[in-house]
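The next block holds one structure in the form of structure tokens; read it before the comments.
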Amino acid sequence: MAEQIAEALWYVRPGGAEIAREPVAAVAPGEVRVRALHGALSRGTERLVFAGRVPPSEHERMRAPRMGGAFPFPVKYGYSTVGRVEAGPADLIGRTVFALHPHQDVFVLPADAVVPVPDPVPARRAVLAANMETALNAVWDGAPQAADRIAVVGAGVVGALVAFLCARLPGAEATLVDVAPSRAALAAALGARFAPPETAPRDCDLVVHASGSAAGLATALTLAGDEATVLELSWYGAGEVAVGLGGAFHSRRLRLVASQVGRVAPSHRSRWTARRRLAAALGLLADPALDALIAPSIRFRDLPGRLDDILAPASGVLCQVIDY
């Protein structure tokens, strides 16, 4: 069999990326070769990687599965690829699968590292799986209940998915809070309410912060009711964020809790594996309403020249789909 050659995206310097060619390993027993169909950029994390802002203390923890190179540069990064299995175990050949893999058009990995995409989920929507997995883990961490008042501050992809899940709790009042009025249509499509920060509901039972800004975190703290939880989903990389813990923070006995997808939430860790969680996240993508999160596709080979615009904070892009 002729040697397979892949094309992969590498972040090579602050604000710079290139597509490089590299050989693909032969498929060994228990492995699969996947031909990519679609991918997605993780705007929050990849903006920090693209800018070289992953702090040295987090270089090991922030390594993505199958990442190439080392922080800060050059690195082959990314963790959302949907493709078709073209070699490997007979029961997987021809299947559409999701893999946590950097942006690359063909690759080999262990068969148990791919998760088949359920039939009701289109391949293009399945690129949201990693984001949905993060949102699902956050819901487990925050533990909202039926009839709760829930605010999600920050209408990026993960925040919107958290609001989508919370809005489906019986009797719950889930509000997506954002400074951009245009996000009201997104909230409506996902079945959630919408409010700008100044009119967002107070006295919430749970507030999830996903805006990635100090102002958003300050808003989240003001929306929480007495003894409520503020769940912090944002990751700031090498940045420092001032947190307003004066005033009534202590007298109101607020809880500020971190959530991160790297480990299964403690409430489920004894029973759930990361693979089971990812499979569940894929199943949650069957609702066509989630297409509201997906931006028009761009070609993989156009990525290096488009990253500046896509990752810019003011771009308005939610989930940027890549077509291979």
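A compact table of results
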quantity: Residue satisfying condition, being over 26 Å from L233 (Cβ atoms) and either small (G, A, S) or touching a residue at least 60 places away in the same chain (Cβ under 8 Å) (or both), within set R43, R84, R13, R53; calculated: R13
quantity: Verdict on L282 being surrounded by 13 or more Cβ atoms within 10 Å (Cβ to Cβ), out of contact with any helix residue (DSSP H, G or I) (no Cβ under 8 Å at 6 or more places or on another chain), in a helix (DSSP H, G or I) and in contact (Cβ under 8 Å) with a residue 24 or more places away in the chain; calculated: no
quantity: Helices (runs of 4 or more DSSP H) contained entirely in region 104-201, each with at least 1 residues that are crowded, with 18+ Cβ neighbours inside 10 Å, modelled with pLDDT of 95 or more and in contact with a Cys (Cβ under 6 Å, 6 or more places away or on another chain); calculated: 157-166
quantity: Leading residue by the ranking (farthest from Q320 (Cα to Cα)) among those in region 56-81 that are touching a residue at least 24 places away in the same chain (Cβ under 8 Å) and of a type in the set (K, R); calculated: R61
quantity: Some residue of region 74-88 being surrounded by fewer than 15 Cβ atoms within 10 Å (Cβ to Cβ) and in the same structural domain as I294 (by TED's automatic domain parsing); calculated: no
quantity: Condition met for R271 (at pLDDT 95 or above, not assigned by TED's automatic domain parsing to the domain that holds E58 and not acidic (D, E)); calculated: yes
quantity: Number of the exception - V12 against (1) surrounded by fewer than 18 Cβ atoms within 10 Å (Cβ to Cβ); (2) part of a loop (DSSP other than H, G, I, E, B); calculated: (2)
quantity: Check on D226, of a type in the set (D, E), surrounded by fewer than 12 Cβ atoms within 10 Å (Cβ to Cβ) and either under 22 Å from T175 (Cα atoms) or touching a Gly at 6+ places or on another chain (Cβ under 9 Å) (or both); calculated: yes
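The values are calculated or read from the model by the stated rules, or taken from the named source; none is laboratory data. Everything numeric in this text was worked out from a predicted model, so none of it was measured. Ideal geometry is used to build each Cβ from the backbone, glycine not excepted, and the neighbour counts take in all protein chains shown.
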